[in-house]
1. Under the condition of being under 15 Å from the mean Cα position of the chain (by Cα) and of a type in the set (Gly, Ala, Ser), which residue from region 137-162 is surrounded by the fewest Cβ atoms within 10 Å (Cβ to Cβ)?
2. Working only within region 86-112, note down all residues that are among the polar types (S, T, N, Q) and over 14 Å from Asp167 (Cβ atoms).
3. Hey, any hits in region 27-42 for a residue that's over 18 Å from Ala143 (Cα atoms) and either modelled with pLDDT of 95 or more or touching a Gly at 6+ places or on another chain (Cβ under 7 Å) (or both)?
4. Search region 164-184 for residues being modelled with pLDDT under 95 and hydrophobic (A, V, I, L, M, F, W, C), and hand back the single one that is farthest from the chain's Cα centre (by Cα).
5. Is it the case that some residue within region 137-144 is outside any helix (DSSP H, G or I), farther than 21 Å from Asp22 by Cβ and of a type in the set (Val, Ile, Thr)?
6. Looking at region 1-42 only, could you name the residues that are of a type in the set (D, E, K, R) and in contact (Cβ under 8 Å) with a residue 60 or more places away in the chain?
7. For region 29-43, name all the residues that are in contact with a strand residue (DSSP E or B) (Cβ under 8 Å, 6 or more places away or on another chain) and more than 13 Å from Ala162 (Cβ to Cβ).
8. Tell me whether region 115-125 contains one or more residues that are at pLDDT below 95 and either under 15 Å from the mean Cα position of the chain (by Cα) or surrounded by 14 or more Cβ atoms within 10 Å (Cβ to Cβ) (or both).
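The values are calculated or read from the model by the stated rules, or taken from the named source; none is laboratory data. As the structure is a prediction and not an experimental result, all values here were calculated from the model. Don't worry about glycine lacking a Cβ; one is built from the backbone with ideal geometry, like all the others, and counts go over all protein chains shown.
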Amino acid sequence: MATIKIQAPFTKEMVKTLKAGDNVLISGTILAARDAAHKVLTETLARGEKLPIDLTNQTIYYLGPSPAKPNEPIGSAGPTTSGRMDKYTPTIIEQGISAMIGKGYRSKEVIESMIKHQVVYMVAVGGAAALISQSIKKYEVLAYPELGPEAVARLSVEDFPAIVAIDCFGNNFYEIGQKPYQKI
């Protein structure tokens, strides 16, 4: 399977071209946010307040990086288990994001919201945090610095490796990829 080079942020038209199972290399800017940030973002919305960042067409990488070594923008940068964000994700999707990156399965509610709002879910390889960090060229905290490594941050990435796990039509590579190996 060929690797597709894509530029972030993604438009909804771009998202529609990605299919479950596609290997991608992402360049451009993405956001980092984990469960603590998702909780604060959804609480802010529930109070009727404006978010400190515009999420339109953004990609959110579920990341809590380790401290950076001298002269490096970031430490190890592996994905966090996506299911930890699931109770917040439909609300975040409604804010206009185009993509999410993490690891693991997603809930039925998240997948339904992805289809409704044309959002793609990609996975990064767990256990490859040091390798992934090499594709991150800049790390800049944008909101909630008090959350430390769970703050919302902007990442400038170059050839960030990911696999489309669930496309915006609901095709799920976790299911498609397992089918040939299942006993009948």
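1. Among residues in region 137-162 that are under 15 Å from the mean Cα position of the chain (by Cα) and of a type in the set (Gly, Ala, Ser), the one surrounded by the fewest Cβ atoms within 10 Å (Cβ to Cβ) is Ser156.
2. If we filter region 86-112 for residues that are among the polar types (S, T, N, Q), which is where we start, we get 89, 91, 95, 98, 107.
Thr89, Thr91, Gln95, Ser107 - these are the residues of region 86-112 that are among the polar types (S, T, N, Q) and over 14 Å from Asp167 (Cβ atoms).
3. Yes, region 27-42 contains at least one residue that is over 18 Å from Ala143 (Cα atoms) and either modelled with pLDDT of 95 or more or touching a Gly at 6+ places or on another chain (Cβ under 7 Å) (or both).
4. If we take residues in region 164-184 being modelled with pLDDT under 95 and hydrophobic (A, V, I, L, M, F, W, C), then Ile184 is farthest from the chain's Cα centre (by Cα).
5. yes
6. Lys5, Lys12, Lys16, Lys19, Asp22, Arg34, Asp35
7. Thr29, Leu31, Ala32, Ala33, Arg34, Ala37, Leu41
8. Yes, region 115-125 contains at least one residue that is at pLDDT below 95 and either under 15 Å from the mean Cα position of the chain (by Cα) or surrounded by 14 or more Cβ atoms within 10 Å (Cβ to Cβ) (or both).
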